[in-house]
1. Go through (1) surrounded by 13 or more Cβ atoms within 10 Å (Cβ to Cβ); (2) within 16 Å of the chain's Cα centre (by Cα); (3) not charged (D, E, K, R) and name the single condition Pro53 misses.
2. Among the residues of region 80-89, which ones are free of Cβ contacts under 8 Å to residues at least 40 places away in the same chain and open to solvent by 60 Å² or more (accessible area, probe 1.4 Å)?
3. Out of region 47-72, which residues are closer than 20 Å to Leu11 by Cβ and either in contact with a strand residue (DSSP E or B) (Cβ under 7 Å, 6 or more places away or on another chain) or in a helix (DSSP H, G or I) (or both)?
4. So which residues in region 19-41 are outside any helix (DSSP H, G or I) and open to solvent by less than 80 Å² (accessible area, probe 1.4 Å)?
5. Which condition does Arg4 not pass, out of (1) in a helix (DSSP H, G or I); (2) open to solvent by 50 Å² or more (accessible area, probe 1.4 Å), if it passes all the others?
6. Being in a helix (DSSP H, G or I), over 16 Å from Pro85 (Cα atoms) and in contact (Cβ under 8 Å) with a residue 12 or more places away in the chain is the requirement here; does Phe44 meet it?
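The values are calculated or read from the model by the stated rules, or taken from the named source; none is laboratory data. Just so you know, these numbers come straight off a predicted model, no measurement behind them. Every residue, glycine among them, receives a Cβ derived from its backbone with ideal geometry; neighbour counts consider all protein chains shown. Note: areas computed on protein heavy atoms with side chains; ligands, DNA, RNA excluded. Shrake-Rupley method; radii C 1.70, N 1.55, O 1.52, S 1.80 Å.
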Amino acid sequence: MEARLLSPQALIALVVASAAMLIPVRLYVAAAVAFDFRQFPAKFARLFPVLLPLDLAWALTPFLLVHHVPVGLALGMCAILVYLPFAQRSLVLMYGRD
């Protein structure tokens, strides 16, 4: 049985679509913290379960560079990107403990 992978065009479209969804969310998070939005921790708690799968899928994108960078470097970049959503959630929880 042969493994079927997505075509490069479909994979690039998927990466661009997820970036188009996640970049505005990151801008919202930055603006909410910068302007001291008090309801932000509650809203982020509702948003986090939706963002987590997208962030974890985005964390795998360094493996798309495996033809240009060593596999160890791609794995290291992946580990950093997997850590970021959990670090962000921890910071938001600490922000809301006033």
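1. Only one criterion is unmet by Pro53, namely (1).
2. Taking region 80-89 first, the residues free of Cβ contacts under 8 Å to residues at least 40 places away in the same chain are 80-87.
Those that are free of Cβ contacts under 8 Å to residues at least 40 places away in the same chain and open to solvent by 60 Å² or more (accessible area, probe 1.4 Å): Ile80, Tyr83, Leu84, Phe86.
3. Start the filter on region 47-72 by keeping residues that are closer than 20 Å to Leu11 by Cβ, which leaves 53-69, 71.
Across region 47-72, the qualifying residues are Pro53, Leu54, Asp55, Leu56, Ala57, Trp58, Thr61, Pro62, Phe63, Leu64, Leu65, Val71.
4. Taking region 19-41 and keeping what is outside any helix (DSSP H, G or I), we get 35-39.
Of everything in region 19-41, those that are outside any helix (DSSP H, G or I) and open to solvent by less than 80 Å² (accessible area, probe 1.4 Å) turn out to be Asp36, Phe37.
5. (1)
6. no
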